[in-house]
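Enquirer: To start, I am sharing the structure in question, which I have written as structure tokens.
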Amino acid sequence: MTSPSADNANRSTDYAIEVWELTRRFGSQVVLDRVTLRCPRGLITTIVGPSGCGKTVLLKHLNFLLRPNSGKIFIDGEDVTSLSWRELDRVRQKFGMLFQAGALFDSLTVFENVAFPLVERTRLPRSEIERRVREKLAAVGLEGAEHKYPSEISGGMQKRVALARALIQDPQILLLDEPTTGLDPTRSGAIHNLIRQTQQRLGLSAVLVSHDVPQVFHISDKVAFMYKGKIRLYGDVGDVTHADDPIFKAFLAGEEIAEDEESLQTKPTLRVEAR
Amino acid sequence: MNFLTEPIRLLGAQTIESVAALGRFGIFLAMAAAYAILPPYKPRLAIRQIRLIGADSVFLITLIAWATGMVLGLQGYNTLRRFGSEAALGTVVALVLVRELGPVLAALMVTARAGSAMAAELGSMQVTEQVDALTVMAINPIQYLVSPRIVAALISFPLLTAIFDVVGIFGGYAVGVGLMGAPAASYFNGIVDNLTPHDVATGLWKSLVFGLTVAWVCCYKGYHAARMATGVSQATTEAVVLSSVLILLWDYFLTSVLL
Ligand SMILES: Nc1ncnc2c1ncn2[C@@H]1O[C@H](COP(=O)(O)OP(=O)(O)O)[C@@H](O)[C@H]1O
Ligand SMILES: [Mg+2]
């Protein structure tokens, strides 16, 4: 396996997304500290970590909602780090995104929310839009809720609507930011299963951010553990979950990670696979 | 040495931050203006905003204008009577309304009603990542959210101001002539004879400037609401306060320039 480097030549296209040495600062706070990560095509790569460690910021770099201070991003082997806005819109078409809070438009009904990208971005006839929206709503188990407003449906249903909207333009890559936060365990499980089914049925590559451990591991192929802006562990789900790293174990146990534990300078056993 | 250089450093940092903020404020408007001109055109978005900013404010504007006109009729009559010039009541009421109170009060009322709603709506869209959701769908949020509001404000403010002026003049008539007994004929004749196109143009310019200011400030504040619990309320408060202050400052400036 070749290690990712800054040159564009011979980029492997086995990876939907490759992130190389990505650094992002907000003021003096370094939120992403030379993050390197590869997300294989057709698999779910899950990023876990305590809240505030930079998961959302990393995810938002993947589809250019935020721009890095340094480092590179490759989508399907194409260096997209320095594309113009117009070109970015083209690459954005590859992505569907489910936001942490759903980000449904609360002035629009469920139907209008899911139809929104088609209505605004395409010239499809009304009947075709309706057909596609109904198909996607059926896929997430939401027939019959078309005319409700987001405020009138439960949190779990909102996530389903958001997922349907993320899928409406048939993306190749799905970005999911904490799709189960705020849901009870039963509903979380149902959403996890739905994500897995959808991803496999459509052959999508997915990046899933979560702190719903260990449940989320059941639907993950690759796992990255993020801690204080760095990827601390990365590998196949089985390897990472058994990693002998005190900070990761503390995170799994739901403990507050003590500062002194960090000062032990413990070396994690698994490094980012690519190094 | 540090305690000597520190204040200077802070002052410098403050200055740079202020200039940068002013720059962002200006760029925001420039982008909104550019996207208002560039395709794709979405007239239905602007029309929806004209309803929210303009049509839905008509009742409030009518009410305030009538009350203002009544006060002007009363005060004007009592003052003019001391000089024995009750016949000038119509002219005085109309001039005060068309040149000053119409544009200013209409703008302040629309700020309170629609400007605050604008800031709150955009703020909550920003805080709940709906703005990011637009970007992800390759829809430019400035073009989709800000440009229609600015266009709508530019159309609505002069119309609301015109309604304010007319209703106010009738309010003044109701009290000054109807109640206090100022001469009826000279009320409207005075207005026709003495109100110049320049007076009307002054009011029109003011309402356009106020409309731009209110939409600009309220959209900017809402769009840049901080992602925290108090982000939206803070943005709304700042939007209303800054809009109101700017309306009054602009009013003085424009009065002195357009006089
Ligand atoms: N737009 C922003 N401006 C300043 N700081 C930010 C911004 N977005 C995120 N941060 C900071 O970056 C850190 C990581 O945030 P985030 O990625 O949202 O964490 P999480 O892992 O919980 O998703 C936090 O400390 C947050 O305060
Ligand atoms: Mg997050």
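The values are calculated or read from the model by the stated rules, or taken from the named source; none is laboratory data. Note that the coordinates shown come from a computational prediction; the quantities given were computed from them, not determined experimentally. Positions of Cβ are generated from backbone atoms using ideal geometry, with glycine treated the same way; all protein chains shown enter the neighbour counts.
Enquirer: Looking at segment A:181-204, which of its residues are at pLDDT 90 or above and either within 14 Å of ligand 1 (Cβ to nearest atom) or closer than 16 Å to A:VAL237 by Cα (or both)?
Expert: A:HIS192, A:ARG196
Enquirer: Oh, and also: In this structure, does B:PRO158 turn out to be modelled with pLDDT of 95 or more and within 14 Å of chain A (Cβ to nearest Cβ)?
Expert: The answer is no for B:PRO158.
Enquirer: Tally the residues that are more than 14 Å from ligand 2 (Cβ to nearest atom) and surrounded by 20 or more Cβ atoms within 10 Å (Cβ to Cβ), restricting the search to segment A:25-42.
Expert: Residues meeting the conditions: 5.
Enquirer: Looking for something over 30 Å from B:GLY172 (Cα atoms) and in contact (Cβ under 8 Å) with a residue 40 or more places away in the chain - is there at least one such residue anywhere in segment B:52-75?
Expert: Looking for residues that are over 30 Å from B:GLY172 (Cα atoms) and in contact (Cβ under 8 Å) with a residue 40 or more places away in the chain, one finds none in segment B:52-75, hence no.
Enquirer: Going through segment A:203-259 one residue at a time, which ones are under 23 Å from A:ARG38 (Cβ atoms), more than 16 Å from ligand 2 (Cβ to nearest atom), touching a Pro at 6+ places or on another chain (Cβ under 9 Å) and of a type in the set (S, T, N, Q)?
Expert: A:SER205, A:THR241
Enquirer: Looking at segment A:205-214, can you tell me whether even one residue there is more than 19 Å from A:ALA101 (Cα to Cα) and out of contact with any helix residue (DSSP H, G or I) (no Cβ under 7 Å at 6 or more places or on another chain)?
Expert: Scanning segment A:205-214 turns up at least one residue that is more than 19 Å from A:ALA101 (Cα to Cα) and out of contact with any helix residue (DSSP H, G or I) (no Cβ under 7 Å at 6 or more places or on another chain).
Enquirer: Considering each of B:GLY176, B:GLY181 in turn, give the residue that is in contact with a helix residue (DSSP H, G or I) (Cβ under 9 Å, 6 or more places away or on another chain) and part of a helix (DSSP H, G or I).
Expert: None of the others qualify; the one that does is B:GLY176.
Enquirer: With respect to B:ALA117, is the statement that it is under 18 Å from B:LEU212 (Cβ atoms), within 14 Å of another protein chain (Cβ to nearest Cβ) and surrounded by fewer than 24 Cβ atoms within 10 Å (Cβ to Cβ) true?
Expert: So B:ALA117 passes the test.
Enquirer: Which of the residues spanning segment A:202-219 are surrounded by fewer than 21 Cβ atoms within 10 Å (Cβ to Cβ) and assigned to a helix (DSSP H, G or I)?
Expert: Within segment A:202-219, A:LEU202, A:GLN215, A:PHE217, A:HIS218 meet the criteria.
Enquirer: While we're here: Does A:ALA16 satisfy the condition of being modelled with pLDDT under 95 and away from chain B (no Cβ under 14 Å)?
Expert: Yes: the conditions hold for A:ALA16.
Enquirer: Is there a residue in segment A:214-225 that is more than 16 Å from ligand 1 (Cβ to nearest atom), over 17 Å from A:LEU59 (Cα atoms) and of a type in the set (D, E, K, R)?
Expert: yes
Enquirer: OK, next. Looking at A:GLU178, A:GLU87, can you tell me which residue is out of contact with any Gly (no Cβ under 6 Å at 6 or more places or on another chain), surrounded by fewer than 16 Cβ atoms within 10 Å (Cβ to Cβ) and not polar (S, T, N, Q)?
Expert: A:GLU87
Enquirer: Looking at the structure I just gave you, is A:ARG187 more than 15 Å from A:ALA101 (Cα to Cα) and either aliphatic (A, V, I, L, M) or surrounded by fewer than 16 Cβ atoms within 10 Å (Cβ to Cβ) (or both)?
Expert: Answer is no for this residue.
Enquirer: Please go through (1) within 24 Å of A:SER205 (Cβ to Cβ); (2) surrounded by fewer than 21 Cβ atoms within 10 Å (Cβ to Cβ); (3) free of Cβ contacts under 8 Å to residues at least 12 places away in the same chain for A:ASP76 and return the number of the only condition it doesn't satisfy.
Expert: (3)
Enquirer: Can you pull out the helices (runs of 4 or more DSSP H) entirely within segment A:72-188 that have at least 1 residues that are within 10 Å of chain B (Cβ to nearest Cβ)?
Expert: Answer list for segment A:72-188: A:85-92, A:110-121, A:155-167.
Enquirer: Answer with yes or no whether A:VAL57 is in contact with a strand residue (DSSP E or B) (Cβ under 8 Å, 6 or more places away or on another chain), crowded, with 17+ Cβ neighbours inside 10 Å, among the hydrophobic types (A, V, I, L, M, F, W, C) and within 14 Å of chain B (Cβ to nearest Cβ).
Expert: Against the criterion (in contact with a strand residue (DSSP E or B) (Cβ under 8 Å, 6 or more places away or on another chain), crowded, with 17+ Cβ neighbours inside 10 Å, among the hydrophobic types (A, V, I, L, M, F, W, C) and within 14 Å of chain B (Cβ to nearest Cβ)), A:VAL57 qualifies.
Enquirer: Specify the residue that is farthest from ligand 1 (Cβ to nearest atom); the eligible residues are those in segment A:23-38 that are within 14 Å of A:THR56 (Cβ to Cβ) and within 18 Å of the chain's Cα centre (by Cα).
Expert: A:VAL35
Enquirer: Can you tell which of B:PHE83, B:PHE59, B:PHE3 is under 18 Å from the mean Cα position of the chain (by Cα), of a type outside the set (Asp, Glu) and surrounded by fewer than 14 Cβ atoms within 10 Å (Cβ to Cβ)?
Expert: B:PHE59
Enquirer: Looking for whichever is in contact (Cβ under 8 Å) with a residue 24 or more places away in the chain, within 14 Å of ligand 2 (Cβ to nearest atom) and over 19 Å from A:ALA166 (Cβ atoms) here; the options are A:GLY71, A:GLY54. Which one fits?
Expert: Going through A:GLY71, A:GLY54 in turn, the sole match is A:GLY54.
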